[in-house]
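Read-outs: derived from the displayed coordinates by stated rules, not from any lab. All figures in this text were calculated on a predicted structure; none of them were measured in a lab. So basically every Cβ, Gly included, is an ideal-geometry build from the backbone, and we count neighbours across all protein chains shown.
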Amino acid sequence: MDSDFLPFTRPSLGEETVSAVADVLRSGWITTGPKVAELEQALAAYLGGERRVLALSTGTAALEAALAACGIGAGDEVIVPAMTFAATANVVLRAGARPVFADIELETRNLDMSRLEEAITPRTRAVMPVHFAGLPVAMDALYDIARRHRLRVIEDAAHAIGSAWNGRRIGGFGDLVCFSFHANKNMTTIEGGAISVGDPELLPVLERLRFHGISRDEHGQVDVTVAGGKMNLSDVCAAVGLLQLPQLDTFNARRRALATRYLERLAGDVPGVLPARGNEGHSWHMFTLLLPFAELGMARHEFQQAMRRRGIGVGVHYPALPDFTLYRELGHRAEDFPVATRVGRETVTLPLFPGMAEADVDRVCDTLRRVLEEAA
Ligand SMILES: *Cc1c(COP(=O)(O)O)cnc(C)c1O
């Protein structure tokens, strides 16, 4: 791949991170220790200082731990948007429960709150909204529905570190809020995740689930009370996160500026649906756009190939869940979720990361126009 290939995302990591990692490696303590504790405190302070935050090995582990802490399992239903990353629904199946899909809105790609309410049954225990691409879901409506139906809310905030709703940071309020720090997310620990916990009673439960179910008495003696997992973060990873977090607001401001330029450059003459502009609280994890491939007489993979040949990486986030074999075989039907299905088939993700220049956005837009003209 040539050096001016523009991938759809790339982490921003400087030499100071390389040194910080080297320091941890030399310290003799490389797994969960002081750096993880420091990161947990820094995250809690960043989110407003009112809640505890637990670091975990991945965002997926955070979702799994949240479901387990709520006691969700066989016979329970959890409502998930019909278009999201596979992890959001897979974790529900892995907990032994049933994912029930609800359709999304076209412009925001977020859970449609009227569809959410329709999907509730007497078996529903929780809802797992996704703040898609960092645009917060309608939090008032969500928590109002959850309260009325006595549902737990497990927010999949994998895209939403640094997002805010009505001036409050996502994860600074709400029930169980799960973040991912995978390399592609708005801040990274290489692999990693965290849960911001609203209900203090769940804290000791989550701590045990995170590490083999182990608890200690006042003499430091070990007991095991639950079949916990192995979901702790390492200090090497935490050291990376400790240098990312202070830059997060700057990263996200840069994402916003680049996304705004995309919207300006693409408005008007590109067929399809641009993402919602969002508001001040949008962290612009991704810039996704819907292209009417059927009308264009072009397959999405052909579009991706054409862009790639011209040096631009284009992602797909995400096919609708009912379009995957696993969920189709479980009886979920694409036609029941027309918006998610359309988004899943038409969506493309254009490059967006803090290290990009304005000229990169212009190059993507010019190239996209040329590729679409050639298809016509
Ligand atoms: C990345 C992601 C996850 C999983 O996070 P990992 O840290 O990769 O395990 C879950 N949900 C969504 C929507 C994601 O984008």
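Remarks
- Size of electric dipole in the range 248-375: Cβ of Lys, Arg +1 and of Asp, Glu -1, about Cα centre, debye, nearest 20: 240
- Residue of 130, 226, 177 that the Gaussian network model of the chain assigns the largest fluctuation, springs spanning Cα pairs under 10 Å: 226
- Counted by Cβ distance under 11 Å from residue 50, the other residues give a net charge of +4, where Lys and Arg count +1 and Asp and Glu count -1.
- Scattering curve values for the range 104-228, log₁₀ I(q)/I(0), Debye with Cα scatterers, q = 0.16 Å⁻¹: -0.87
- Largest GNM mean-square fluctuation across 209, 25, 93, computed for the chain with C-alpha springs under 10 Å, falls on 25.
- The shape of the chain comes out oblate: with a ≥ b ≥ c from the C-alpha gyration tensor, a/c is at least 1.5 while a/b does not beat b/c.
- The spacing between the range 106-135 and the range 43-78, judged by their C-alpha centroids, is 18 Å.
- Modelled label positions at residue 211 and residue 26, each set 7 Å beyond Cα in the direction of Cβ, lie 2.7 nm from each other.
- Ordering 301, 182, 159 from the fewest to the most neighbouring beta carbons within 10 Å gives 301, 182, 159.
- Per-residue Cβ neighbour counts within 10 Å put 83, 231, 286 in the sequence 231, 286, 83, beginning with the fewest.
- Point-to-point label distance, residue 247-residue 226, nm (Cα→Cβ direction, 7 Å offset): 3.6
- About its Cα centre, the range 1-77 has a charge dipole of approximately 260 debye under the convention of +1 per Lys or Arg Cβ and -1 per Asp or Glu Cβ, with nothing else charged.
- Gaussian network model of the chain, Cα within-10 Å springs - most flexible of 317, 149, 131: 149
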